[in-house]
Structure formats: C-alpha cells, structure tokens
Amino acid sequence: MRSVRMPRWGLLILAAFTWLPTSSAHAQQDLEKQLVGRWEGEVSTRQAKNVTTVVLTIKSLKEEGGKWTAEALAGRNLVNLEIITTGKQPSLRWTGAQGWQYDSNLMDEKTMVGTVTLTTASGGSRGDRDRPVKLEKVEKE
C-alpha cells in the first residue's frame, strides 16, 4: 500500500484553516471577558451641580463580517454598541437616549475612559460640547 504525502505548503494551508475558527472563538472569549458586565460612571457638564450618571450594561457580543457589536443597554434603553478592535485595546461607540455620543477606550479590565459629545439646542462647536467620561466595571454581588 502506497502512502500519500502532502506537500509542505498543503500542511501550512491546512494548519491555517484549522487555526482560524479557534482564533476567532478565542478573540470573542477575550472580548467577552473584558467587556461583558455592568459599567458605571459620570459625565460632568459645565455647571458643577449637573452630573449625569452613566450606566452601560453589556450583555453579549457577536462578530458579523469582521465587525463586533454587542447587545447592550445604556440605562434602560437598548443601544447599538460598536466595538472597534483595531487598536491596542478595544474602543466602544454608542449613542445614548439623550442623543449624546459616547466614544470610550478600554484602559484595563475595570476602567474605560473617553469622551461624550453632548447635543445642544444652541449648536456651538464640537469642542465646546465634549466632556470626559470614565466608567468603572462593577463587580457582581
């Protein structure tokens, strides 16, 4: 009986195809571990007395066509959460119920920092409407 030998390049291709699904599944597990949960923080407005509490609850993640999205709530409202994974750490973007646009970066396993762009009736420049936001991951009790 004659044995069939696969060329080396064939083995490389086979190894690559075997690795791809595992890599994607591993990436999803890592992102889920980092992001899924309850995140809380505050946004300060120009008036020192006006502080808005931010609660972001990320329930699950999914990848479609190379883009990551999440089932998430901002407060009690469903939001379309976009997750950008091209940088060193994931970035998240969403629009809250008030029309405020959030853009935050995961700094470590318990901290996200970024910017909130407020909507205003008077218009104003974008720089005048940007406010810092910091979210901390809340441990489950």
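The values are calculated or read from the model by the stated rules, or taken from the named source; none is laboratory data. Bear in mind that the values here come from a model prediction, so they are computed numbers and not experimental data. Counting neighbours? That spans all protein chains shown, and the Cβs are built from the backbone with ideal geometry, glycine included. Heads up: the accessible areas ignore ligands, DNA and RNA and are worked out on the full protein's heavy atoms, side chains in. Shrake-Rupley method; radii C 1.70, N 1.55, O 1.52, S 1.80 Å.
Structure data summary
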{"quantity": "Lone qualifier among 51, 43 - being surrounded by 15 or more Cβ atoms within 10 Å (Cβ to Cβ) and at pLDDT below 90", "calculated": "43"}
{"quantity": "Residue list for the stretch 91-110, restricted to those being over 16 Å from residue 51 (Cα atoms), within 12 Å of the chain's Cα centre (by Cα) and surrounded by 14 or more Cβ atoms within 10 Å (Cβ to Cβ)", "calculated": "91, 92, 93, 94, 103, 104, 105, 106"}
{"quantity": "Any hit, the stretch 75-93, residues being within 15 Å of residue 131 (Cα to Cα), in contact (Cβ under 8 Å) with a residue 12 or more places away in the chain and out of contact with any Gly (no Cβ under 7 Å at 6 or more places or on another chain)", "calculated": "yes"}
{"quantity": "Residue 61 being open to solvent by 20 Å² or more (accessible area, probe 1.4 Å) and either more than 17 Å from residue 36 (Cβ to Cβ) or free of Cβ contacts under 8 Å to residues at least 60 places away in the same chain (or both)", "calculated": "no"}
{"quantity": "Qualifying position, being under 13 Å from residue 31 (Cβ atoms) and under 14 Å from the mean Cα position of the chain (by Cα), among 62, 88", "calculated": "62"}
{"quantity": "Sole exception among (1) at negative phi; (2) surrounded by 13 or more Cβ atoms within 10 Å (Cβ to Cβ); (3) modelled with pLDDT of 90 or more for residue 31, by number", "calculated": "(3)"}
{"quantity": "Test: residue 79 is closer than 17 Å to residue 138 by Cβ and either of a type in the set (Ser, Thr, Tyr) or at pLDDT 90 or above (or both)", "calculated": "no"}
